[in-house]
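Input: a single structure, listed below in structure tokens.
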Amino acid sequence: MPLFTQSATSDQTKPPQALISEARWLFAQANASRAAAGVGTLAWDDALANAALQHCLRMAVEGPIEHRYTGEPGLTERAGSAGAHFSLIEENIAVGSYTSTIHQGWLDSQEHRLNLLSPRIDHVGIAVVASQGVLFADADYARSVAVLTPPQIEASFATLIRTFGASVSHDPSDARAACSLDDGLPVSIERRPRYILRWQGPELNHLPQELSTLLSSKRYSSATVGNCAIDRSRERFTVYRMAVLLY
């Protein structure tokens, strides 16, 4: 829900101006408020800030502030296109005379306060634009996802699998080939696994429950792990796609 702290004036003689110091002030105040609330501090994210700036500039031109205008991509698409990697994203927007009233307005609004103080987010990008005699502000909050290479992703999964006592092959080629398919196995795979698990998600700090259950059964002594690219047209957030072949 957009937040209005004051209506814009009729002064439209100057083009919108990005105000970096004001954006950084809102960033500092956000972390001060989060510290007072006992939730973790946020890290600055340039990609989120760029996405916020592009929307801020549009708000200054379009008139009544909205989270999305006609012909504009949605928040997740804007942030992803700007280079942000995340598993969760939220947005606060506002128009007002001062950054202090914008920040306080976000705290006083239940919906905006939940976004600003959410313990589930860890990064933010903020933009402030001066136009028409007032300030337009946009804060994009996100839970970041690490950008890892396929070998790093596979190594993370392999480490978790080994805690169950199973060995993991150093050759991921068969699992990578299986990962690229929605079901079945490529004919090129000579060693046929006893079980194939395909998984897609944003976190690498724990195994999927199905895989944990299978490994806990001790029916499988070894595994091959492979990572592959996802179809970005079908998935809006940054996620990992894996295949695990169990033997």
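The values are calculated or read from the model by the stated rules, or taken from the named source; none is laboratory data. Since we're looking at a predicted model, the values are computed, not measured. No Cβ is skipped: glycine too gets one built from the backbone with ideal geometry, and neighbour counts run over all protein chains shown. Note: accessible area is taken over every heavy atom of the protein model, side chains too, but ligands, DNA and RNA are not part of it. Shrake-Rupley method; radii C 1.70, N 1.55, O 1.52, S 1.80 Å.
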With +1 on the Cβ of every Lys and Arg and -1 on the Cβ of every Asp and Glu, the dipole magnitude of segment 12-97 about its Cα centre, in debye rounded to the nearest 20, is 180 debye
Averaged per residue, the 1.4 Å probe accessible area of the chain, protein heavy atoms only, in Å², is roughly 50 Å²
In terms of the charge dipole of the chain, which places +1 on Lys and Arg and -1 on Asp and Glu at the beta carbon, the residue among Pro16, Phe136, Phe164 farthest towards the positive end is Phe164
Inter-part gap, Cα centre of segment 102-119 to Cα centre of segment 57-81, in whole angstrom, is 20 Å
Along the dipole axis of segment 3-155 (charges at Cβ: +1 for Lys and Arg, -1 for Asp and Glu; origin at the Cα centre), the most positive-end residue among Pro150, Ala82, Ala52 is Ala52
Segment 108-247, Kirkwood Rh and Cα Rg, ratio Rg/Rh at 1.16
A student applying the Cα gyration tensor rule (rounded when a/c is under 1.5; otherwise prolate if a/b is larger than b/c, oblate if not) would label segment 21-109 oblate
Here the cysteines of the chain without any disulfide-compatible Cβ partner under 4.7 Å are Cys56
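Given +1 on the Cβ of Lys and Arg, -1 on the Cβ of Asp and Glu, and no further charges, what dipole in debye does the chain carry about its Cα centre, rounded to the nearest 20?
820 debye
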Computed D for the chain, Stokes-Einstein, Kirkwood radius over alpha-carbon pairs, 25 °C, 0.890 mPa s, to the nearest µm² per second, is 121 µm²/s
So the carbon and sulfur contribution to the accessible area of the chain, 1.4 Å probe, in percent, is 52 percent
In the chain the DSSP beta bridges are antiparallel at a rate, in percent to nearest 5, of 85 percent
